[in-house]
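Peer 1: Have a look at the structure that comes next, please.
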């Protein structure tokens, strides 16, 4: 119990909330979609990946389909896919823009999506074309509640 309390306090200081039901992490300074993608915005650039919650439900990721650099992505539209031993799932863009970089490391080592979904397991970087689209995304608290409600239904 003391370890769980310590971990909870440490996560709180780092801006990470821990979902008690599935132990998935949600990072405080990211925005989230209801299809379980995350986006981190820095100026006019955005990094996109799938959430810890999503990778837990997918299981061991064995393949990540990446778009080409320079490709246009549109909010809510699929730009790639993640395949696991259990399922295949489209990856939808939380924002519109142009792909400026793809994470070739996840192409070579798809398990990074499982082991490090918010750091090494990111999928693409995008030059934003409409920053107003960020207003429709969930913050960490709303996303945590969304995941809890979704898990309760299943």
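Peer 1: Which helices (runs of 4 or more DSSP H) does segment 86-154 wholly contain that include 2 or more residues that are within 12 Å of the chain's Cα centre (by Cα)?
Peer 2: 112-115, 140-153
Peer 1: Every residue in segment 54-76 that is within 16 Å of residue 32 (Cα to Cα) and more than 15 Å from the chain's Cα centre (by Cα), please.
Peer 2: Selection gives 74 alone.
Peer 1: What are the residues in segment 32-45 that are touching a residue at least 40 places away in the same chain (Cβ under 8 Å) and more than 12 Å from the chain's Cα centre (by Cα), if any?
Peer 2: 41, 44, 45
Peer 1: A further question on this structure: May I ask you to say which residue of 133, 127, 105, 119 is within 23 Å of residue 27 (Cα to Cα) and without any contact (Cβ under 8 Å) to a residue 12 or more places away in the chain?
Peer 2: Residue meeting the stated conditions: 119.
Peer 1: Take the residues in segment 77-102 that are farther than 23 Å from residue 119 by Cβ and without any contact (Cβ under 8 Å) to a residue 24 or more places away in the chain; name whichever of them is surrounded by the most Cβ atoms within 10 Å (Cβ to Cβ).
Peer 2: Filtering first and then ranking leaves 78.
Peer 1: Within segment 1-59, restricting attention to residues that are assigned to a loop (DSSP other than H, G, I, E, B) and closer than 15 Å to residue 112 by Cα, which residue is modelled with the highest pLDDT?
Peer 2: By that ranking, first place goes to 51.
The values are calculated or read from the model by the stated rules, or taken from the named source; none is laboratory data. As the structure is a prediction and not an experimental result, all values here were calculated from the model. For neighbour counting, all protein chains shown are included, and Cβ atoms are generated from backbone atoms with ideal geometry for every residue, glycine included.
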